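Computed from the coordinates by the stated procedures, all read-outs in this text should not be read as laboratory data. Model, not experiment: these values are computed from the prediction. Glycine gets a Cβ as well: all are built from the backbone with ideal geometry, and neighbour counts include every protein chain shown.
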Amino acid sequence: MSEQAICGSEDVREAEGVLATVDGVEVGVFRVRGALVAYENRCRHQGGPVCTGAILGRLEAVLGPGGTIVEERFSESELHLVCPWHGWEYDLATGECSADRRIRLRSFPVLERDGRIWVTL
C-alpha cells in the first residue's frame, strides 16, 4: 500500500472534486458534507471517466393530492456523480450506483492531515 499527498486541503471544496494519479491509478477526491471520499476514475458501466462528470442532486418527484407528480426537483441531501459517457449515476457520499445499490465505485482510503489530502492505494 502506498500513501500519497495529492493536493492541499483548500483545493477540495464542498461538493467539488480533484483528480490525481496515485501509483498509476487516476483517482477523484471529493468533499461531501465535510467528509472526504476517493474513487477510481472509472465508471462500472463501461469504464468512462466518472470523476469528471457533473455533480447534481438526486432527481426527486414531488407528489400532490392523489399521488400525481406536481413537480420534479434536485435533492439537496443526496448528491450524485454522473458519468459523462452514458449518464450512470452514483451517490457521491457512498459510491453506490443509484439504479442498483449493489454496484459501487472502487473507493480508496483518504484523509486530511497537515493541510494536505492523502490517498492510500
Query raised in the report: (1) in contact with a strand residue (DSSP E or B) (Cβ under 7 Å, 6 or more places away or on another chain); (2) in contact (Cβ under 8 Å) with a residue 40 or more places away in the chain; (3) aromatic (Phe, Trp, Tyr): which one isn't true of PHE74, the others all being true?
Result: (2)
Query - Residues satisfying the stated conditions in the range 1-50, i.e. small (Gly, Ala, Ser) and surrounded by 15 or more Cβ atoms within 10 Å (Cβ to Cβ) - result: GLY17, ALA20, GLY28, ALA38, GLY48
Query raised in the report: Do the conditions hold for ALA93, that is, is it surrounded by fewer than 16 Cβ atoms within 10 Å (Cβ to Cβ), under 20 Å from VAL29 (Cα atoms), within 12 Å of the chain's Cα centre (by Cα) and of a type outside the set (D, E, K, R)?
Result: no
